[in-house]
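First comes the structure, then the notes that go with it.
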Amino acid sequence: MRSDNSALLIVAHGSTVNPDSSAPTLAHAAEIRRRRIFEDVASAFWKEEPSLRDAIFLFDPESIRQVHVVPNFISEGYFTQTVVPRELEMNGPITERSNGQVWKYCEPVGNHPMMTELLLKRAREVAASADPAETSLLIVAHGTDLNENSAVAAKREAEKIRAAGKYAAVLNVYMEEPPLVSDWRKLTTTRNVVVVPFFISDGLHSYEDIPVLLGIVVAAGVDRGRPGSAPPAAGRGEIFRHNPYTIDNRLLFYAPSIGTDPGFADVIIEQALNAKS
């Protein structure tokens, strides 16, 4: 159902060095725009154009009376609680502009209950041949005090999936704090291991850092004899296309970041609609 006089603004971090950072957000915006649920759909970024500060002027106040702002972030934190409200000049969940527009600040996508099913879906897609009863699922976040809330979010999702009993083991692991993703051989005992990065977009972490920590040998145009060798920019996605990786007679399946899943469009819509009342 189309929402007359209402717009959707998807806000994300973006990057000045990684062109793939904004790609999922733009793709989700395009899909939501195609569905014609809102009168207008736009994206804005902290580190790319259009900027968060410029987003205030994206919607014509004569035709757009409400703007729903959905942060495309995994968790609550500094950016969702401080940077985004500051840059958008929002003073709470609901902000009325001098031009009469009402802006509603929604919860970040990572808070939505659908995250759990999207993680399970991504794991099934990347390791369709693996029996879940003989498989460990690893949800990877960054870790460290700088990303405390994302670590909490990964732990929450791991606990929910573990409680469902779908896999032999489910662990939340981190790049920079225990339990470390680099210790996956010691942390798991199953023959199959599925690794899903709990990030909004694919970038340095998912293309290079995590593969190095996992001990993956990159295929497609790179020296296959060097574990963790970084792929060329044009072939970054190849890291996800050569599953499973055989390491120490075990099968390791490596998935793209969860935020690239097309299902995020549904999550963004849900977060916006949940804030309509």
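Can you work out the accessible area per residue across the chain, with the rest of the protein chains kept in place, probe 1.4 Å, in square angstrom? Provide the component values of the computation, followed by the final result.
Numbers: 12510 Å² over 277 residues.
For the chain, the solvent-accessible area averages 45 Å² per residue.
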Once neighbouring chains are kept in place and the probe is 1.4 Å, which whole percent of the accessible area of the chain is contributed by carbon and sulfur? 51 percent
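Note down the relative contact order for the chain as a percent, whole number, built from C-alpha pairs under 8 angstrom at least six residues apart. All intermediate terms of the calculation are to be shown ahead of the outcome.
Details: 522 pairs, mean separation 52.6, N = 277.
The value is 19 percent.
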Correct choice for Cα extents along the principal axes in Å that was computed from the model, options (i) 61, 51, 34; (ii) 64, 39, 35; (iii) 77, 46, 28: (ii)
Do the sum for the chain: with -39,500 (n - 2.57) for every DSSP H run of n ≥ 4, divided by all residues, what is the mean residue ellipticity at 222 nm, to the nearest 500 deg cm²/dmol? -7000 deg cm²/dmol
Amide H within-cut-off set for H68, under 5 Å, with H built and near neighbours excluded: A7, L8, L9, K104
Lysines whose Cα lies under 24 Å from that of K155, excluding same-chain neighbours fewer than 8 positions away: K121, K166, K186
Can you give me the relative contact order of the stretch 33-124 as a percent, contacts being Cα pairs under 8 Å and 6 or more apart? 29 percent
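The values are calculated or read from the model by the stated rules, or taken from the named source; none is laboratory data. A quick note: this is a predicted structure, and the numbers were derived from the prediction, not measured. To get the accessible areas, we keep the full protein, side chains included, count just its heavy atoms, and leave off ligands, DNA and RNA. Shrake-Rupley method; radii C 1.70, N 1.55, O 1.52, S 1.80 Å.
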